[in-house]
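The values are calculated or read from the model by the stated rules, or taken from the named source; none is laboratory data. Since the structure is predicted, the reported quantities are computational estimates derived from the model, not experimental observations. Positions of Cβ are generated from backbone atoms using ideal geometry, with glycine treated the same way; all protein chains shown enter the neighbour counts. Surface accessibility is based on the protein's heavy atoms, side chains included, excluding ligands, DNA and RNA. Shrake-Rupley method; radii C 1.70, N 1.55, O 1.52, S 1.80 Å.
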Amino acid sequence: MQKLGLYALTGIVGFALIFALLPGADRAAVPTGAVLSGVQLTLYPSRDPDAVWQFQAGQVTNDPLISETRLTELGEGQRLLRERDASGALTGRQTLDATLSAPDLTIDGQDNMTTRQARITLVQQCADIDLQGTEQTPVKIEQGSGFSAPVAELDSPLMTGHVEKLRMSFDFNIEDSDNDTSTLQYDLDGTERCENGQRVPGA
């Protein structure tokens, strides 16, 4: 379930849904969603309980009938990992795992996200991944799994190159790709390395 940073959105959406379902209402003409401006949104994915996503958006539109939230005028988002102690209890501390830049974002009822293009930076690997999608096959970010796109450009100290039909986990493992059309180069000499989220010259 999507947990939004503003409680007002829940109330507005509930009112819109009740109004839309009133007997005799012209549902084709009555909007069923809510629109908010200047929103800070926090998402706690149920399928990825250790992750927290945070976004700033100029506009957020929610449609409860299709369980869809759309963010536009999007600022840079980030994925944080919640720390647990040896007993598995949350400590309250979080570390930045990834950042996400996109022109817009659609979140479905399973907390998965789609957009037509995006840049994901995996902080611990200093990896920038530019993802390109289409209307039919958008960029997908799947909670608890990773992300996929028809076309991707990778740039990291470990490897660089062009990948098609990419599916990658959040820990920078390529789980699937079109090997016939992808061209990856690995830096075996270690001219760069990733240290605390920053690229530094290799040893």
Legend entry - Criterion (modelled with pLDDT under 95 and either open to solvent by 70 Å² or more (accessible area, probe 1.4 Å) or of a type outside the set (F, W, Y) (or both)) met by exactly one of E192, E153, E175: E192
Inset, instruction - Filter the stretch 90-99 for residues that are modelled with pLDDT of 95 or more and in contact with a Lys or Arg (Cβ under 7 Å, 6 or more places away or on another chain) and give the result. - result: Q94, D97, A98
Legend entry - the stretch 118-150, subset in contact (Cβ under 8 Å) with a residue 24 or more places away in the chain and among the β-branched types (V, I, T), residue most open to solvent (accessible area, probe 1.4 Å): V123
Legend entry - Residue that is touching a Leu at 6+ places or on another chain (Cβ under 8 Å) and open to solvent by 30 Å² or more (accessible area, probe 1.4 Å), where the choices are T115, T95, T106, T91: T95
Inset, instruction - Only residues that are out of contact with any Gly (no Cβ under 6 Å at 6 or more places or on another chain) and either more than 17 Å from L100 (Cα to Cα) or surrounded by fewer than 16 Cβ atoms within 10 Å (Cβ to Cβ) (or both): list them for the stretch 45-59, please. - result: S46, P49, D50, G58, Q59
